Amino acid sequence: MVGKMATFPFLGITVFVALIAFLTFHFKFNSGQRLFSPEELALYNGTDESLPILLGIIGSVFDVTKGKSHYGSGGGYNHFAGRDASRAFVSGNFTGEGLTDSLRGLSSTEVKSIVEWRNFYFKTYKYVGKVVGRYYDSQGHPTKYLKGVEAKAARGAQLLEKQKIEESKQPSCNSRWSQDEGGEVWCDAGFPRLVQRPLEIALTGKMSKRCACFEENQLSQTGLEVYAGCDYHAKRCKVLN
C-alpha cells in the first residue's frame with residue numbers, strides 16, 4: 001500500500017513536468033520565440049495537415065498556413081515550405097542546390113530584394129521564430145553572416161538610389177515586347193542608344209547596359225552603341241535576341 005501511495009506523487013510530478021514542457025513549447029511557438037533546427041522546420045512542409053505550414057527566409061520563420069493553397073502540398077510555392085530557401089527568391093532555381101539559404105555570390109541589389117521579401121512576410125504572415133544555423137546561433141542571436149547580409153542589402157539600396165539619380169539625367173527609351181513580334185525600343189524625342197551603366201552599378205545586377213534617348217548633338221559622345229540592324233538616325237529599333 002505504501003509503495004502504491006509513493007507512486008502517485010511521482011506520477012504527478014511527471015505529468016506536471018510534461019505539462020510545463022508543453023506549455024513552454026506552445027508559448028514559445030506562438031510568441032515568436034521558438035528556435036528551429038533545419039530538420040525540425042522540415043516537418044512543417046504542408047504534408048501533415050495537423051501541423052502549420054512554415055517558411056524560412058534569412059533565418060526568420062513564418063506561419064504561412066493561411067496561404068495553404070499556395071504553400072501547401074501541390075501549391076505553386078510549396079518548394080518554399082519547411083525550409084529556408086532564401087536564394088530561390090531571386091534566382092528562380094527551385095530544385096536541388098537552388099533551394100538553399102546561402103546568398104554567396106549574389107549582388108547587393110539581389111540581396112536587397114531578398115530582404116524586401118522578408119519584410120513582406122513580416123507584414124503579411126505571422127512570425128513564429130528563427131532557424132538555428134547560418135543566420136542565428138543556438139541562443140537565437142544574429143550571426144556575423146546575418147549582419148553581413150543586412151549591410152550588403154543597405155549597399156544595394158544606396159547603389160539603386162545612385163543609379164536612379166544618374167539615369168534621370170538621360171531619359172530612358174520606351175520599350176515593349178511580345179512573343180510574336182519580339183522586342184522594340186523607341187524615343188519620343190531623340191534617338192535610342194545602348195549605354196554602359198557605371199561599373200559599380202552594372203555589377204549589382206544582370207543588366208550592364210540600358211537604352212537611353214539622346215539628341216542629335218549628343219550622338220558623337222563616346223560609349224553610345226547603335227542597336228544591331230538599326231539605322232543611325234532611326235527613332236525605333238528592333239531588339240534582336
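The values are calculated or read from the model by the stated rules, or taken from the named source; none is laboratory data. These numbers come from a predicted model, not from an experiment. Every residue, glycine among them, receives a Cβ derived from its backbone with ideal geometry; neighbour counts consider all protein chains shown. When the accessible area is computed, the model is the full protein with side chains, heavy atoms only, and any ligands, DNA or RNA have been set aside. Shrake-Rupley method; radii C 1.70, N 1.55, O 1.52, S 1.80 Å.
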For the stretch 57-81, name all the residues that are closer than 25 Å to Tyr135 by Cα, open to solvent by 10 Å² or more (accessible area, probe 1.4 Å) and assigned to a loop (DSSP other than H, G, I, E, B). Tyr77
All positions within the stretch 127-177 that are open to solvent by less than 80 Å² (accessible area, probe 1.4 Å), over 30 Å from Ala42 (Cα atoms) and either in a loop (DSSP other than H, G, I, E, B) or not aliphatic (A, V, I, L, M) (or both): Gly156, Gln163, Glu166, Glu167, Gln170, Pro171, Ser172, Cys173, Asn174
Can you say whether Val131 is in contact with a Phe, Trp or Tyr (Cβ under 6 Å, 6 or more places away or on another chain), at pLDDT 95 or above and of a type outside the set (Asp, Glu), as far as the supplied structure shows? yes
Arg155 vs. criteria under 15 Å from the mean Cα position of the chain (by Cα) and of a type in the set (D, E, K, R): no
